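All remarks here apply to the structure that follows.
The values are calculated or read from the model by the stated rules, or taken from the named source; none is laboratory data. Fair warning: this is a prediction, and the values are worked out from it, not measured in the lab. For neighbour counting, all protein chains shown are included, and Cβ atoms are generated from backbone atoms with ideal geometry for every residue, glycine included. In case anyone asks, the SASA skips ligands and DNA or RNA and just uses the protein heavy atoms, side chains included. Shrake-Rupley method; radii C 1.70, N 1.55, O 1.52, S 1.80 Å.
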Amino acid sequence: MPELFNTIGEKAEKVAPAAVLNGATADEEERVVEEIESLCMNCHENGITRLFLTKIPYFREIIIMSFSCDKCSFHNNEIQTAGTFQLKGARYELRLTAMPDFERQVVKSDTATIKFIELDVEVPAGKGQLTNVEGLLTTVIDDLAFGQETRKEETPEVYAKIEEIIAKGRKMLAGEAFPFRVSIDDPAGNSFIAPDMRDGVGKWEKREYIRTPEQNAALGLADTTTTDLGESDDIIPDQVYQFPASCPGCLHPCMTNMKMVDIPHFRQVVIMSTSCDDCGYKSNDVKTGGEIPEKGRKVTLRVKTQEDLARDILKSESCFLECPELSLSVNPGTLGGRFTTVEGLLTQVRDDLHNQIFEADADAEATARKNDSLAPDEKRRWEEFFGGLSAAVKGDKEFTIVLTDPLASSYVQSLADDPTEPDGQMTVEEYERTDEEEEELGLKDMKTEGYEEDAEQEKST
């Protein structure tokens, strides 16, 4: 079966310029763009819809659609994802600090909302787009500017406020308002902001999340989650519990296994595993419990030997992981909670990221063609990056792993005589959480005293 979705470079190679110059018809050459006669919604005459099937590096297959009508000159362009809804929703955030950041490729599906945070402007879900950050911001400014003359006459106060936003947006486009942030939130998980391996901490971030019942309903997905687990007893450590759930992928009923494990010299954690027999979806996660400590914790481990690679490690969902020598940083929420070894954690990060960047395929020839879609310099940088990770996993390269956790819920096994104390290759330090961390964790809004009186006042009103 021929491959329908190729990269744009592969599509271009299928076009034979010599044949076109010699007058060959489109039927004689492989059709790269499909053309379909369709109704124009502007003049109700027939126009032409063109469909271009392609792949976006680091992402997935999309369909670029373009409609044009020769009768009334109406044009329209949009994109749609060619696959299904993803297992989880996704939120991307990019912090722009220089003019080249405007060139980052952006895929916006018709279910995604875009927000320029400092501009305080949000674009609701609508037509899909394949563009870049500059194109997004330009479109927002143009849409705001449309009808300003009418607003100036009819609602001058609204005109003045919108004019302030337009002026600030144009300063951003001119590079006079760095830094600022743009985010895309897509419950379907089919939107994307391109990363760059040179991105530092806080530059580019991706978070996946479980959709709410309301989001599933908006996407037309049934929600079969059940929360009636019967009478609850005390959870016994090391005993496996099962309870019904719904698969995040196909939403069919499945089972989730839960086990409480006592990590020596640390705390109890809950390991959860979900497996769906219908679609093959599998997930594993680790949840830490207990009270929230007053301070965050930073654990630094110098990995030198195979013994260090075999250390137990718990990376909680709130933990930021960094390996400076490997140019690796993993933002909170990216991997979820993981309880494994240092070697296992690095292997998972390497394999997941490699599959995303190089789109691993069972067909070696197809994989080679996909890899060729990367620019040579970019491909070389990624290969060097993954080479360093592989060397670290094998124990051929020393490196430092740093776990920064504002909830102090992460752990690295100590090899000291007293396991409660760090050994010579570890440092453990506590730190005061920043205002941003407390805000993100919802701690600023948390009230632990006097809430009974507030509840009574709410009831009385």
Criterion: of a type in the set (A, V, I, L, M, F, W, C) and at pLDDT below 90 - qualifying residue of LEU119, LEU144, LEU130, LEU137: LEU130
Elements of type helices (runs of 4 or more DSSP H) in segment 299-405, at least 3 residues being modelled with pLDDT of 90 or more, more than 25 Å from PRO264 (Cβ to Cβ) and in contact with a helix residue (DSSP H, G or I) (Cβ under 9 Å, 6 or more places away or on another chain): 376-394
Any chance SER409 is at pLDDT 90 or above, open to solvent by less than 100 Å² (accessible area, probe 1.4 Å) and either under 15 Å from ILE313 (Cα atoms) or within 31 Å of the chain's Cα centre (by Cα) (or both): no
Matching residues in segment 120-151 - criterion: being touching a Phe, Trp or Tyr at 6+ places or on another chain (Cβ under 7 Å) and either free of Cβ contacts under 8 Å to residues at least 12 places away in the same chain or open to solvent by 40 Å² or more (accessible area, probe 1.4 Å) (or both): ASN132, GLU134, ARG151
Any hit, segment 190-207, residues being in contact with a helix residue (DSSP H, G or I) (Cβ under 6 Å, 6 or more places away or on another chain) and either assigned to a loop (DSSP other than H, G, I, E, B) or touching a residue at least 60 places away in the same chain (Cβ under 8 Å) (or both): yes
Residue, surrounded by the fewest Cβ atoms within 10 Å (Cβ to Cβ), within segment 75-113, restricted to residues that are modelled with pLDDT of 90 or more and among the aromatic types (Phe, Trp, Tyr): PHE102
Residues being in contact (Cβ under 8 Å) with a residue 60 or more places away in the chain and either under 18 Å from LYS304 (Cα atoms) or outside any loop (DSSP other than H, G, I, E, B) (or both) - total across segment 406-421: 5
Which numbered condition LYS168 fails, given (1) part of a loop (DSSP other than H, G, I, E, B); (2) surrounded by 17 or more Cβ atoms within 10 Å (Cβ to Cβ); (3) in contact (Cβ under 8 Å) with a residue 24 or more places away in the chain: (1)
Subset of segment 33-76 [of a type outside the set (Val, Ile, Thr) and touching a helix residue (DSSP H, G or I) at 6+ places or on another chain (Cβ under 6 Å)]: TYR58
